[in-house]
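Before any comments, here is the structure.
Since every read-out is calculated from the coordinates, none of them should be taken as a lab result. Since the model is a prediction, treat every value here as computed from it, not as a measurement. Virtual Cβ from ideal backbone geometry, glycine too; neighbours counted across all protein chains shown.
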């Protein structure tokens, strides 16, 4: 309701978020990551339904069955887990929240719309919980 789209751009040394990152997508789509909630809802291990608008690709390693691979400002390809990228977005949001309320929140509340099936919603919750864990903030599911 009051935010920006969850885009991250790696075109520059300092990542850009939201509208600024979405602008980078127009010129450099392979440097921009988005749709993390959608990606988290899918099963890893070659079960990802690739959206043709995505400029990023997918890979894996021994520790992570799903990594998002994207171009980086330094000319290299980088890869990160959806939870790590979500943590980057949440960290950006935490800075904005802190500037509004004067302190960093100890917990973040999430409201999940019913457009996802139960098992997809569970995967999303687990991914966001992992992201919150990386930031050392508590995950709270808000039921309305």
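Set the Förster radius R0 to 35 Å, insert the Cβ-Cβ distance between residue 14 and residue 111 as r into 1/(1 + (r/R0)^6), and round the FRET efficiency to 0.05. Kindly include the intermediate steps, with their values, before the conclusion.
Numbers: r = 30 Å, r/R0 = 0.86.
After rounding, the FRET efficiency stands at 0.70.
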For this session: Select from 107, 122, 63 the residue whose mean-square fluctuation is largest in a Gaussian network model of the chain (Cα-Cα springs shorter than 10 Å).
Result: 63
For this session: Indicate, rounded to the nearest 5 percent, the antiparallel portion of the DSSP beta bridges found entirely in the chain.
Result: 75
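Between rounded, prolate and oblate, where does the stretch 1-50 land on the alpha carbon gyration tensor, with a ≥ b ≥ c its root eigenvalues, rounded for a/c under 1.5, else prolate if a/b exceeds b/c? Write out the running numbers ahead of the final one.
On the way: a/c = 2.54, a/b = 1.55, b/c = 1.64.
Oblate.
Restricting to Cα atoms and excluding each atom paired with itself, what does the Kirkwood estimate give for the stretch 33-144 in Å? The partial results should precede the final answer.
Working: mean 1/r = 0.0658 Å⁻¹.
This gives a value of 15.2 Å.
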Exercise. In nanometres, what is the gap between the two model label sites at residue 74 and residue 5, each 7 Å from Cα along Cα-to-Cβ?
Worked result: 2.8
